[in-house]
Structures are given as structure tokens and as C-alpha cells.
Amino acid sequence: MVSPIEAQVSAAALQAAMDALHRAFPRHSWTGIYLLRGDELVLGPFVGPPTEHARIPRGRGLCGRAVREEKDLNVGDVASQPEYLACNADVRSELIVLVRDRGEIVGQIDIDSREPGRFPPEHEARVRAVADALGPLVRLARDAAGPQDVRRK
């Protein structure tokens, strides 16, 4: 059971991490984290315009595909992917990096850009390092009461 203070601290830390990632790469149009609860990705803290995709079933869209295939996705042209769930008509590329804790997928960092091919290998490696560091915090946030506890209001 996650205590209220653990839930608040993990949510604040995840929001700070998304803020920092978004600032570090100013050409991102959206940066957020999804928490894997059962067979569903639940939107956590994010920076950018609101999205209608607050819940994504495992296997649906690119985010769901990354979980289903258990691998990160670096998509240089989202228009070439029929399963892409459009959040914004301006998005051209997307980076999805899985977050693991003790070997288990607990969530993912999802980053959009208005530029095609925006995420070179060194960029992906930096996001991977952040994802690796966030694993225990994502587990705490995921195990908290509900998605309203992890998103900034």
C-alpha cells in the first residue's frame, strides 16, 4: 500500500522530471509519462497541450505497441504508422522509452516533436538514462490510488 506522502512525493518528482526533459530539449512539443496499470497505460505528469489519450490499452497505438513488444520506439515519421494515435496534427515524430523497475515494465516516457526524425540515438540514450532512474518512482505513482493523483491540476 502506498502512503499519501509517497504518492505526493512520487507525483511531484515525476512532474519535475517531465519539466526538466521538456526544457532540456526545447524542440519537443509534448513530454509525458504513462503508468502501466494492468493492461492499460494511464497518463501521468506531462508538459504540453492536454491530450484526449489519458488511457491507452496495451497494444493500441504506438504507446501500446511499445508495451506489447517490450521495446522502445523511435518513430521518425508518425504519418507512416497506421496505428499512430494522433494527439496533435502538428506531431511528426515520437520517442517512446519504456520505464522498468526490477525488470518489470511500469510505464513509459512519451515525447512528441513537430519535426520529422527529431530523436537521434544520443537523444534517445539520454531519455533512456532518465527512464532507468525513474523506475522506482513510477512504480510508486502507479501503485497510488488513481491517475488523478499523478497529474498536475
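The values are calculated or read from the model by the stated rules, or taken from the named source; none is laboratory data. Quick caveat, the model's predicted, so the values are computed rather than measured. Glycine also receives a Cβ, built like all others from the backbone with ideal geometry; neighbour counts cover every protein chain displayed.
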- prompt: Does Ala86 fit the bill of being closer than 22 Å to Gly117 by Cβ, surrounded by fewer than 19 Cβ atoms within 10 Å (Cβ to Cβ), among the hydrophobic types (A, V, I, L, M, F, W, C) and free of Cβ contacts under 8 Å to residues at least 40 places away in the same chain?
  reply: yes
Within the range 1-16, residues among the hydrophobic types (A, V, I, L, M, F, W, C), within 9 Å of Pro45 (Cα to Cα) and touching a residue at least 12 places away in the same chain (Cβ under 8 Å) come out as Ala11, Leu14
Selection over the range 26-56 where residues are over 12 Å from the mean Cα position of the chain (by Cα), under 16 Å from Val99 (Cα atoms) and either of a type in the set (A, V, I, L, M) or outside any strand (DSSP E or B) (or both) yields a count of 2
Going through (1) touching a Cys at 6+ places or on another chain (Cβ under 9 Å); (2) assigned to a helix (DSSP H, G or I) one by one, Arg126 fails only at (1)
In the set Glu115, Glu70, Glu40, the lone residue that is without any contact (Cβ under 8 Å) to a residue 24 or more places away in the chain and touching a strand residue (DSSP E or B) at 6+ places or on another chain (Cβ under 8 Å) is Glu40
When restricted to Leu62, Leu14, the only residue closer than 19 Å to Gly117 by Cβ, of a type outside the set (Gly, Ala, Ser), touching a strand residue (DSSP E or B) at 6+ places or on another chain (Cβ under 9 Å) and assigned to a helix (DSSP H, G or I) is Leu62
Arg152 meets each of (1) more than 18 Å from Gln8 (Cα to Cα); (2) modelled with pLDDT under 95 with one exception, condition (1)
Taking the range 66-82 and keeping only residues that are modelled with pLDDT of 95 or more, in a helix (DSSP H, G or I) and surrounded by 16 or more Cβ atoms within 10 Å (Cβ to Cβ), one is left with Ala66, Val67
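Residues are listed down the side, and each one gets a yes or a no for (1) under 25 Å from Ala125 (Cβ atoms); (2) surrounded by 15 or more Cβ atoms within 10 Å (Cβ to Cβ):
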site	(1), (2)
Ser10	yes, yes
Ala20	yes, no
Phe25	yes, yes
Gly32	yes, yes
Glu40	no, yes
Gly44	yes, yes
Gly48	yes, yes
Arg55	no, no
Leu62	yes, yes
